[in-house]
Amino acid sequence: MKTETVIESWVRDGSSILDLGCGDGSILEALRSNKSVQGYGIEIDRKNIKSCLEKNLEVIEQNIDEGLSNFLDKSFDTVLVSQTIQVLKNPKQALEEITRIGHQSIIVIPNFGHWKSRLTLFLEGKMPVTESLPEKWYETPNIHLCTLTDFENLCAELNIVIEEKKILDSKGTVSTLFSTWSNLLGSSVIYRLSR
């Protein structure tokens, strides 16, 4: 099972979606086609905004780091944040806002605690370049890398409930083999959260 399949399985048919950091709109487009969602994307990159508009997606040009106060509490069934939380200046504040806006939140993050990252740091003494963290340290948009344990501790601190999580291997496929050692073996993770 791939990332997109997990996300689709957690989204109700015909529901409302806010995709924060929607990129080129690929996930939102798939949800619209396969789940008949009413969705909006939030994006700051002009090239990605253009791509969303070419797909007839509704997209708002907005910087998530400047806040999400223009959205009412529980105004969306699902807020989706895929590979975005780690690029934000204040992920804690963003997570509070994300869980305020949506009845549920789906968060996809890379795992800096993955064994390949740890091994590169330990043996080579440098920042890792992996499938889930493909850029060199000076090119990456990621400014707040975390491990699964770090993210789960933040959720506990904010009284956010982790309803489900799926651990992904380096190819983006869900693996049930990683449940015991997920922080070490999981390349990235998908969380379904509520508050």
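The values are calculated or read from the model by the stated rules, or taken from the named source; none is laboratory data. A quick note: this is a predicted structure, and the numbers were derived from the prediction, not measured. For neighbour counting, all protein chains shown are included, and Cβ atoms are generated from backbone atoms with ideal geometry for every residue, glycine included.
Taking every residue in the range 154-173 that is without any contact (Cβ under 8 Å) to a residue 40 or more places away in the chain and pairing it with any residue that is part of a loop (DSSP other than H, G, I, E, B) and not polar (S, T, N, Q), at least 6 positions away or on another chain, the pairs with Cβ-Cβ distances below 9 Å are N159/R195; V161/R195; I167/G186; D169/E131; D169/G186. Taking only the range 81-137 into account, find how many residues are more than 17 Å from the chain's Cα centre (by Cα), surrounded by 15 or more Cβ atoms within 10 Å (Cβ to Cβ) and among the aromatic types (F, W, Y). Summing the residues that are more than 17 Å from the chain's Cα centre (by Cα), surrounded by 15 or more Cβ atoms within 10 Å (Cβ to Cβ) and among the aromatic types (F, W, Y) in the range 81-137 gives 1.
Looking across the range 2-21 at every residue that is in contact (Cβ under 8 Å) with a residue 60 or more places away in the chain and part of a loop (DSSP other than H, G, I, E, B), the one that is farthest from D65 (Cα to Cα) is identified as R12. Consider S69 carefully, then state whether it is hydroxyl-bearing (S, T, Y) and farther than 19 Å from K89 by Cα. It is false that S69 is hydroxyl-bearing (S, T, Y) and farther than 19 Å from K89 by Cα. Filtering the range 71-82 to residues that are out of contact with any Ser or Thr (no Cβ under 8 Å at 6 or more places or on another chain) and either under 23 Å from H144 (Cβ atoms) or among the aromatic types (F, W, Y) (or both) leaves only F71. Of the residues making up the range 22-40, those that are more than 15 Å from Q83 (Cα to Cα), out of contact with any helix residue (DSSP H, G or I) (no Cβ under 7 Å at 6 or more places or on another chain) and either surrounded by 18 or more Cβ atoms within 10 Å (Cβ to Cβ) or in contact (Cβ under 8 Å) with a residue 12 or more places away in the chain (or both) are E29, R32, S36, Q38, Y40. If you filter the range 41-58 down to residues that are in contact with a strand residue (DSSP E or B) (Cβ under 7 Å, 6 or more places away or on another chain) and without any contact (Cβ under 8 Å) to a residue 24 or more places away in the chain, you find that the one that is farthest from N70 (Cα to Cα) is L53.
Out of the residues in the range 142-171 that are over 16 Å from K116 (Cα atoms) and among the acidic types (D, E), which is surrounded by the fewest Cβ atoms within 10 Å (Cβ to Cβ)? That would be E157. In the set (1) of a type in the set (F, W, Y); (2) assigned to a loop (DSSP other than H, G, I, E, B); (3) under 18 Å from the mean Cα position of the chain (by Cα), F71 fails one condition alone, (3). Residues satisfying the criterion are absent from the range 127-144 (criterion: modelled with pLDDT of 90 or more, hydroxyl-bearing (S, T, Y) and closer than 27 Å to G102 by Cβ). Yes or no: the range 50-66 includes at least one residue that is crowded, with 18+ Cβ neighbours inside 10 Å, over 16 Å from the mean Cα position of the chain (by Cα), assigned to a helix (DSSP H, G or I) and of a type in the set (S, T, N, Q). Yes, the range 50-66 contains at least one residue that is crowded, with 18+ Cβ neighbours inside 10 Å, over 16 Å from the mean Cα position of the chain (by Cα), assigned to a helix (DSSP H, G or I) and of a type in the set (S, T, N, Q).
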